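The structure under discussion appears below in the form of structure tokens.
The values are calculated or read from the model by the stated rules, or taken from the named source; none is laboratory data. Predicted, not measured: the structure shown is a model, and the values here were computed from it. Neighbour counts are summed over all protein chains in view; Cβ atoms, including those assigned to glycine, are modelled from backbone coordinates with ideal geometry. The protein model used for the area step is the full one, side chains on, heavy atoms only, and it has no ligands, DNA or RNA in it. Shrake-Rupley method; radii C 1.70, N 1.55, O 1.52, S 1.80 Å.
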Amino acid sequence: MKTSTQTMPHDHGDISFVLQTMPDRDICTQTAERFKQLSDGTRLQIFWLLCHSEECVLNIAAAIDMSPPAVSHHLRCLKQAGLISGRRVGKEVRYSLADTEEAQLLHHIVDKLLKSICPKGVHNHEHTK
């Protein structure tokens, strides 16, 4: 973070209040990683599906017409970014939107950007477990 005594190369006015609250590079890098995962059309489609339902790999693969191994790869990326979570039910894992403020916010943003209506009617998504 820059300090308020930082001298800027050009004087465009006092921005010390902005510099004091600017997020550090590590936070920006973590946030960029989440956006990076959603910059892939397939992952975005999977993320959208999991924002609205809890599904296993085979159902996701059928829904998006992709092989289960390819879907597993995309799920791993989304899970590592903290956007989705999985829970074991018998022999299968069912995936859904991660229960975090960040994932909920991205759910809302994705619905707005895709101009889709959340099938649940609200963005406070809860899964029946």
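A few comments on the model shown:
- MRE, 222 nm, helices only [DSSP H, n ≥ 4, -39500 (n - 2.57), over the chain, to nearest 500]: -15500 deg cm²/dmol
- Square roots of five times the Cα gyration tensor eigenvalues for the stretch 1-114, Å: 39, 13, 12
- Using C-alpha pairs below 8 Å separated by at least 6 residues, the relative contact order for the chain is 21 percent.
- Simple label model, 7 Å out from Cα along Cβ direction - A70 to L113, nm: 2.2 nm
- For the stretch 45-118: accessible area per residue (Å², 1.4 Å): 56 Å²
- Peptides 85-98, 40-53, 7-20 ranked from most to least packed give 40-53, 85-98, 7-20, packing being the mean of other C-beta atoms within 10 angstrom over each peptide's residues.
- Portion, in percent, of the accessible area of the chain that falls on carbon or sulfur, probe 1.4 Å: 54 percent
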